[in-house]
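K.L.:
Sending over a structure as structure tokens; questions will come in a sec.
The values are calculated or read from the model by the stated rules, or taken from the named source; none is laboratory data. Keep in mind it's a predicted model, so treat the numbers as computed, not measured. For neighbour counting, all protein chains shown are included, and Cβ atoms are generated from backbone atoms with ideal geometry for every residue, glycine included.
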Amino acid sequence: MHTWCYENGKHDVVSCTTMIMSYGQHGKGKEALEILAEMKSEGLVPDGVTFLGCLYACSHGGLIEEGVRVFKIMIEDHNLKPKREHFACVVDMLGRAGRLNEAENFIYEMGIESDVLVWETLLGACRVHGEMVLGEKSAQKIMELQPERHGPYVLLANIYAERGSWEDKVMVREKLVSHGLKKQVGCSWVALETMSC
């Protein structure tokens, strides 16, 4: 696609952003950053969506330092105000790398501690890395901001279960029920010849 865009004169911000997003979805962060560099050399001005794609690509490609640099470039060189999705991408990037305390500090430094999305992102990373204390704190923040959400209860209960803290898991599940919330049940269908299961 990259070559096709050049050969057919379809090289603009939209096509470059599309390529960046595509590379990001396939964990090819370096290739995404190469497109960003090409845009700069050709005088194409990346927008907020372009930078979101770059942050996503860095997150899924394990390019943490590069991602932090891209975030700073977006703000300092392009005067773009980050949106909640940009912040969540940085938290995700740090969280995937196991840099959970850095992710929490980033939330406070950026003044986004009232955003549920960033806390959910951090909570998910805490679950992946088995971080109970910060997981509890993240879940508590979400519960304060949006008490009607069942997700933080479920994730926190899963963290407890994975750590063998069964009493805490039961307590969180009881709290979920006492607030009138229910875990949404997953459903899968498999078709076997003429019968569905």
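K.L.:
Looking only at segment 65-85, filter to residues that are in contact with a helix residue (DSSP H, G or I) (Cβ under 6 Å, 6 or more places away or on another chain) and over 18 Å from Ile142 (Cα atoms); which one of those is surrounded by the fewest Cβ atoms within 10 Å (Cβ to Cβ)?
P.N.:
Going through the qualifying residues, I end up with Leu80.
K.L.:
Another question, then. Mind listing whichever residues of segment 40-64 are surrounded by fewer than 20 Cβ atoms within 10 Å (Cβ to Cβ), touching a residue at least 12 places away in the same chain (Cβ under 8 Å) and assigned to a helix (DSSP H, G or I)?
P.N.:
Gly48, Val49, Ile64
K.L.:
Here is a further query. What pairs come up if the first residue lies in segment 118-134 and is among the charged types (D, E, K, R), the second is modelled with pLDDT of 90 or more and part of a helix (DSSP H, G or I), and their beta carbons are under 6 Å apart, counting only those six or more places apart or on different chains?
P.N.:
Close Cβ pairs (under 6 Å, with a partner that is modelled with pLDDT of 90 or more and part of a helix (DSSP H, G or I)) amount to Glu131/Leu100.
K.L.:
A further question on this structure: Going through segment 69-88 one residue at a time, which ones are touching a residue at least 24 places away in the same chain (Cβ under 8 Å) and closer than 19 Å to Ala37 by Cβ?
P.N.:
Val70, Met74, His78, Leu80
K.L.:
Against the definition (part of a loop (DSSP other than H, G, I, E, B) and out of contact with any strand residue (DSSP E or B) (no Cβ under 6 Å at 6 or more places or on another chain)), how does Gly67 come out, yes or no?
P.N.:
When the stated conditions are applied, Gly67 does not pass them.
K.L.:
Mind checking whether some residue in segment 129-139 is in a helix (DSSP H, G or I) and of a type in the set (Lys, Arg)?
P.N.:
Yes, there is a match, as at least one residue in segment 129-139 is in a helix (DSSP H, G or I) and of a type in the set (Lys, Arg).
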